[in-house]
Amino acid sequence: MLDLAVIGSGNGSNFQSIADAIRSGRLEARIRCVISDRPDAFILERARRESLPAEYVDCSSCKTKVEGEGERRMIETLRRYGAETIALAGFMRIIKPGLLNAFSGQIINIHPSLLPAFPGLHAWKQALDYGVKISGCTVHYVDEGTDTGPILLQRSVPVLEGDNPETLHARIQEQEHLAYPLALQTMSKGLVHREDRRIRGSFSDGAKV
Ligand code: GRF
């Protein structure tokens, strides 16, 4: 059973997919708290609708990092709620070593491309602009880089003629909502094995990576 915190800055559809998977018994986890760096983020409203603790944490005056006092506040909040595994879901800040080390090997993220292609912002637009024919999503461990940590799980989608950034992102998000609960359930079952960068796991949909 995972004791989860979900951290996001925006809409929270991935949080919703995790909460739905728990409710339907597909994911053995408890969401201890939902945290955002933006007091008005819809992810917090979604959490309240699920009767889960929803906390705004002031992360830093710098909009792209969690640092200094903000990092201390984040670690304190996560510990106060008993979170052990941290799922970043649309969180728009870089995590620095203080937070990474406080939850060593327990912070994961979902990214809307097949990494290592197209790290960083607006990955679906980067993929369209580049002209790739296949894109997708990646669930990965978080390290000090931007979208560089070891890969847990990927799911692909076709890039179709006539796609625009919105239609491609929507297709990728359908797969994100399957991939994130699946990756977490595999962690929950203790079926993830790390050998340096290489992750082996038996995923409950039968897929092996
Ligand atoms: C997702 O596409 C995720 O891959 C990226 O940010 C987006 C968040 O969407 N990191 P949501 O807030 O979960 O709806």
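The values are calculated or read from the model by the stated rules, or taken from the named source; none is laboratory data. Note that the structure is a prediction, hence the values are computed from the model and not measured. A quick note on method: Cβ atoms are made from the backbone with ideal geometry, for glycine too, and the neighbour counts reach across all protein chains shown. When the accessible area is computed, the model is the full protein with side chains, heavy atoms only, and any ligands, DNA or RNA have been set aside. Shrake-Rupley method; radii C 1.70, N 1.55, O 1.52, S 1.80 Å.
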*Which residue pairs have Cβ atoms under 9 Å apart, sit 6 or more places apart or on different chains, and have a first residue in the range 156-178 that is within 19 Å of Gly90 (Cα to Cα) and a second that is within 14 Å of the ligand (Cβ to nearest atom) and acidic (Asp, Glu)?*
His177/Asp20
*Determine the pairs where a residue that is over 22 Å from Leu121 (Cβ atoms), located within the range 70-98, has a partner that is open to solvent by 60 Å² or more (accessible area, probe 1.4 Å) and assigned to a helix (DSSP H, G or I) with Cβ atoms under 9 Å apart, the partner being 6 or more residues away or on another chain.*
Gly98/Arg72
*asked:* Looking only at residues that are in a loop (DSSP other than H, G, I, E, B) and buried (at least 18 other Cβ atoms within 10 Å of the Cβ) in the range 82-102, which one is nearest to the ligand (Cβ to nearest atom)?
replied: Gly90
*Please go through the range 62-81 and pick out each residue that is modelled with pLDDT under 95, in a loop (DSSP other than H, G, I, E, B) and touching a Cys at 6+ places or on another chain (Cβ under 8 Å).*
Glu67
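Yes or no, residue by residue, for (1) among the aliphatic types (A, V, I, L, M); (2) modelled with pLDDT under 95; (3) not assigned by TED's automatic domain parsing to the domain that holds Leu99:
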site: Arg23; (1), (2), (3): no, no, no
site: Arg30; (1), (2), (3): no, no, no
site: Val34; (1), (2), (3): yes, no, no
site: Pro39; (1), (2), (3): no, no, no
site: Phe42; (1), (2), (3): no, no, no
site: Glu45; (1), (2), (3): no, no, no
site: Leu52; (1), (2), (3): yes, no, no
site: Val57; (1), (2), (3): yes, no, no
site: Ser60; (1), (2), (3): no, yes, no
*Look at Gly105 and say whether it is more than 11 Å from the ligand (Cβ to nearest atom), open to solvent by 30 Å² or more (accessible area, probe 1.4 Å), more than 17 Å from Leu184 (Cβ to Cβ) and part of a loop (DSSP other than H, G, I, E, B).*
no
_Every pair of residues 6+ apart whose Cβ atoms lie under 7 Å, when the first sits in the range 117-130 and is at pLDDT 95 or above and of a type in the set (Asp, Glu) while the second is within 13 Å of the ligand (Cβ to nearest atom) and open to solvent by less than 100 Å² (accessible area, probe 1.4 Å)_ = none
_Condition first: in a loop (DSSP other than H, G, I, E, B), open to solvent by 20 Å² or more (accessible area, probe 1.4 Å) and more than 16 Å from the ligand (Cβ to nearest atom). Now tell me which residues in the range 10-59 satisfy that._
Ser24, Gly25, Arg26, Glu28, Ser51, Pro53, Asp58
*asked:* Out of the strands (runs of 3 or more DSSP E) lying entirely within the range 112-209, which hold 1 or more residues that are more than 13 Å from the chain's Cα centre (by Cα) and among the polar types (S, T, N, Q)?
replied: 134-141, 151-158
_Within the range 185-209, take every residue that is modelled with pLDDT of 70 or more and among the small types (Gly, Ala, Ser) and give me the one that is most open to solvent (accessible area, probe 1.4 Å)._
Gly190
